[in-house]
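The values are calculated or read from the model by the stated rules, or taken from the named source; none is laboratory data. All of these numbers come straight from a predicted model, not from anything done at the bench. Here the Cβ is made from the backbone with ideal geometry for all residues, glycine too, and neighbour counts use every protein chain on show. The protein model used for the area step is the full one, side chains on, heavy atoms only, and it has no ligands, DNA or RNA in it. Shrake-Rupley method; radii C 1.70, N 1.55, O 1.52, S 1.80 Å.
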Amino acid sequence: MQKSKNDLWVGLFVMIGAAAILFLALKAGNLLSLSFEDTYTVSARFDNIGGLKVRAPVKSAGVVVGRVAAIGFDTTTYQARVDLDFEKRFSFPKDSSAKILTSGLLGEQYIGIEPGAEEKLLAGGDKISMTQSAVVLENLISQFLYDKAADTGTAEGGKK
């Protein structure tokens, strides 16, 4: 009888541990957000979204004010269309701008909202027209190498 009682406690402990690991994995992967706030959806178009993913945070002044709801491709403008779900308690002027930023050097990408100065506020279905695409690290490195190669070629050409 004592052995089955211990087995029950060990099994319960293992189940709680597995649930805690699952919760942490979902939280770390940005797949779990425990927000039950009402939201409104706003869209924005970007030339390059880099590694932005659905459920990525939307931040203003470092505070999470929403999440990326959907990512699609517009075949007429050849741009990425990103739908943003803002919590209703946060409102931004219509002339606000959005840019794709990175947490740290190689961290996750998120959307940063810079508030504008207009009196009218964004509402559901509106579009943010001022956007700045993601900075792609590979493009920066290749541009740096190209510039260095061009400088070296000019320096060698000048010596002859």
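Some notes on this structure:
- The Rg/Rh ratio of the chain, with Rg taken over Cα atoms and Rh as the Kirkwood radius over Cα pairs, comes to 1.22.
- Reduced Cα scattering model of the range 20-104, Debye log10 I(q)/I(0), q = 0.13 Å⁻¹: -0.46
- Within the shell defined by Cβ-Cβ distances under 14 Å, the residues around Ser96 carry a net charge of 0, with Lys and Arg each +1 and Asp and Glu each -1.
- Å² of accessible area per residue within the range 68-140, as computed with a 1.4 Å probe and no ligands counted: 60 Å²
- Helices in the chain, meaning DSSP H runs of at least 4 residues, each add -39500 (n - 2.57). Divided by all residues, the mean residue ellipticity at 222 nm is -11000 deg cm²/dmol.
- Springs join every pair of Cα atoms under 10 Å in this Gaussian network model of the chain, and among Gly17, Gly51, Gly62 the largest mean-square fluctuation is at Gly17.
- List Asp7, Asp85, ordered by accessible area with a 1.4 Å probe, largest first: Asp7, Asp85
- Among Leu12, Leu22, Leu106, residue whose mean-square fluctuation peaks in a GNM of the chain (springs only between Cα atoms under 10 Å): Leu12
- For the range 99-139, the Stokes-Einstein estimate of translational diffusion at 37 °C and a viscosity of 0.692 mPa s comes to 266 µm²/s, using the Kirkwood hydrodynamic radius over alpha-carbon pairs.
- Value of D in µm² per second that Stokes-Einstein yields for the range 65-123, Kirkwood Rh from Cα pairs, at 20 °C (1.002 mPa s): 165 µm²/s
- Derived scalar couplings ³J(HN,Hα) [the range 70-82; Karplus, 6.51 cos²θ - 1.76 cosθ + 1.60; whole Hz; x for Gly, Pro]: 7, 10, x, 10, 8, 6, 8, 9, 6, 10, 7, 9, 10
- Using a probe of 1.4 Å, the accessible surface attributed to Lys59 totals some 50 Å² when neighbouring protein chains are kept in position.
- Rounded to the nearest 10 Å², the accessible area of Thr77 at probe 1.4 Å: 70 Å²
- To put it simply, the accessible area of the chain at a 1.4 Å probe is 61 percent carbon and sulfur.
- Paramagnetic reach from Met130 in the range 63-98 [backbone N under 18 Å; point 7 Å along Cα→Cβ]: 91-98
- Among the listed pairs Lys27/Lys94; Lys27/Lys59; Lys53/Lys88; Lys3/Lys27; Lys59/Lys120; Lys99/Lys120, those beyond 29 Å (Cα-Cα): Lys27/Lys94; Lys3/Lys27
- A full extension of the chain between Trp9 and Lys59 corresponds to an added length of 13.7 nm, given 0.36 nm per residue minus the alpha carbon distance.
- Those residues of the range 73-112 whose amide nitrogen sits under 18 Å from the label point placed on Thr41, 7 Å along Cα→Cβ: 73-75, 80-89
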